[in-house]
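The structure appears below as structure tokens.
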Amino acid sequence: MSVSWVRVPFRSSVLWLPILLLAFSACTGADDDAAAVDEGPPALVDVATDVGLDFRHGAFRWATSPDPAAMMGGGLCWLDYDSDGWMDLFVVNSFSEDEVSRWKDSGGLPTSALFRNNEGVFEDVTEEAGAGLPVRGTGCVAADFDLDGAVDLYVTTERTNALLWNTGDGGFDEGATDAGVAAHGWHSGAAVGDLNGDGWPDLVVAGYADTNYTNPDATEGFPDTFLGVRDLLFLSNGPDDDGLVTFREAGSDAGLEARTEKGGYEYGLGAVVFDVDRDGDLDVYIANDTNPNRLYKNVPWPGGMAADPLGLGFRFEDVSTAAGVDQDKAGMGIAAGDYDRNGLPDFFVTNARLQGHGAFRDVSTDEVSPMYVDDSTIFGSFATYTGWGVSWMDIDLDADLDLFVANGGIPLTDLEEDRRPLQVFVNVSGDGAQFEESGRALGLDAVGPMHGRGSASADYDNDGDLDIAVNAVSGQLVLLENRGMVGNWLEVALDGFHPGAVVTVTLPDGRELVRDVLAGSSYLSSEDPRAHFGLGAATEVNEVVVVWPGGEETSLSGVAINRLITVKPPSR
């Protein structure tokens, strides 16, 4: 491979203590310099067991069965739930209906799990934190819904969703019903952002299949054999008189999902909320299984909320077809990232089996009409795998985005034969014009195939490169530690919860590296909320610019590298 490799580890605890004020008031950071060390050849090494991540997904523990919900689930969320500067991990669990009695005879149903990160070593704190949900779970999103500085968790399931409020003292309280977001029925991907511009985080939840009602017009296999479940939009009401944040469901009013030509709903899986057209408000993209994917542009209501008869102040306009992203395949997960370095977010959508994945490069020329072209040929052969979790990330720290894909067979009928390998596609051209499949070169053969589902990247060990967690149906949790990469780096955290913000780093040679801050992405998962930049050989950063949701900007110059900086919004 024509790639430069090395890693710059940075484990000094000073970096993650209360952060020192630098020369610019909007940003804080650490003043330690990192030094490169030789850790051998570059590799992604599974260290889950070594660092205390002892988790096995509960579905099909004794035998497989024709249980779609048990086959589909498996999201996970990176979050700093205790605000100590280290990314903790929440893992969604499930079980098959045929094995309920055996689980109960064995001590109880399997539950979700929460692992606290103690400077790179994890401790299972599920029980003491009250984070163990005995549900047939699908996905999760980490978000500070009440803006109290403590990250909460929303968990989607096959039956009734859960909202784990972070109490700020190391625990969680479930409160989905009181908050108005219980959402009965099978739901999947969830994503968060302030969609109506009122300052409070809103919640988008993709609906999947209603296995209680068969589809009389089915022309394909599952999920077409059942009716679809409507996508939901929960707009925050802010806190009530008792301080509880509640939500109202407004998906239909906002135009989130129109019925299909036959009167039903589509089968949503992946979801992202971000500023697709860089116009200052947040938009929504949904990956649909066996139906066209949907891109919803956020359109302000003329005259604002006061002039809107429904009181929303905005509407969603479905621009999927006009934008060229209405791919009609078995959409699973979504990654959004600027892999061609033109400042605009591109999409990668994982699909099932022989269909091939979707890679959509943004070639828009204005904010009014988003436009994409299918760029999937630059990734070479995807083989015949079904992809699920997917992330744009600078794995090799060379200042461009690479791609990670978690694969696994569906339907799952044989726990041995249906496993599939993990894949990495390294950006070898710099501008996203060519990728090489590099999993074997990075040691993924040693990890082996699995029933991969949810995956998410994070710098779990705070050493300046991104690692990857993968949840696998019926299998052990995997944590791929990134080792041996050569390159400088910068991580940008935002003070407070600001999904939809856009962070741009300008290098001395004029290159601009752009990251969108997302709450909810990949397949049913949440990634590290800190924006990560590999800088390659660059020894300084000319400028860091944060465009906050709503359009305000913060610009910083003279930013040192190989460290985390924290940027405050203009109002703080």
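Every number here is computed from the coordinates shown, using simple stated rules; none is lab data. All values reported here derive from a predicted model rather than from experimental measurement. Cβ sites come from the backbone with ideal geometry, for glycine too, and all protein chains shown count toward neighbours.
Structure notes:
- Between A306 and V363, the contour length at 0.36 nm per residue exceeds the alpha carbon distance by 17.0 nm.
- Label-point separation in nm, E128 to R61, each point 7 Å along Cα→Cβ: 2.4
- Kirkwood radius for the chain, taken over all pairs of different Cα atoms as the inverse mean of 1/r, rounds to 23.3 Å.
- For the pair E553 and E540, the difference between a 0.36 nm per residue extended length and the Cα-Cα distance amounts to 2.5 nm.
- Vicinal HN-Hα couplings computed from phi for segment 53-59 (Karplus, 6.51 cos²θ - 1.76 cosθ + 1.60; Hz; Gly/Pro x): 8, 9, 9, 10, 4, x, 5
- Descending by average beta-carbon neighbour count within 10 Å, the peptides 411-418, 233-240 line up as 233-240, 411-418, the highest first.
- Peptides 500-512, 68-80, 285-297, ordered by how many other C-beta atoms sit within 10 Å of their residues on average, highest first, read 68-80, 285-297, 500-512.
- Estimated Rh, segment 251-396: Kirkwood, alpha-carbon pairs, angstrom: 16.0
- Within the chain: Cβ-based charge dipole about Cα centre, in debye rounded to nearest 20 (Lys, Arg +1; Asp, Glu -1): 980
- Between the residues T566, G243, G475, the greatest Cα displacement towards the positive end of the dipole of the chain, with unit charges on the Cβ of Lys, Arg, Asp and Glu, is found for G475.
- Cα-projected label distance for Q434 with V373, points at 7 Å along beta-carbon direction, nm: 1.8
- Amide H contacts of A330 (H built 1.01 Å from N, in plane; Pro and chain starts excluded): T290, A352 sit under 5 Å, all sequence-distant by 5 or more or on other chains.
- Distant alpha-carbon pairs in segment 384-447 (separation over 19 angstrom), percent: 36
- Once the gyration tensor of the Cα atoms in segment 85-237 is diagonalised, the equivalent ellipsoid follows with semi-axes of 28, 23, 12 Å, ordered largest first.
- Rg and Dmax of segment 437-572, based on Cα coordinates, read 16.6, 49 Å.
- Backbone amide hydrogens, once placed in the peptide plane, bring A399 within less than 5 Å of G534, L535, G536, excluding anything fewer than 5 places away on its chain.
- For segment 137-143, backbone phi angles converted through the Karplus equation (6.51, -1.76, 1.60; θ = phi - 60°) give residue-by-residue couplings of x, 10, x, 7, 9, 9, 7 Hz, Gly and Pro being listed as x.
- Inter-label distance, nm, simple model (7 Å from Cα along the C-beta direction), E119/D445: 3.8
- Ordering of 365-373, 439-447, 461-469 by burial proxy (mean other Cβ atoms within 10 Å per residue, highest first): 461-469, 439-447, 365-373
- For the chain, calculated [θ]222 nm from helices alone, where every DSSP H run of n ≥ 4 adds -39500 (n - 2.57): -1000 deg cm²/dmol
- Scalar couplings 3J(HN,Hα) for segment 523-536, obtained by applying the Karplus form with A = 6.51, B = -1.76, C = 1.60 to θ = phi - 60°, are 10, 6, 9, 10, 9, 3, x, 7, 6, 10, 10, x, 10, x Hz; x denotes Gly and Pro.
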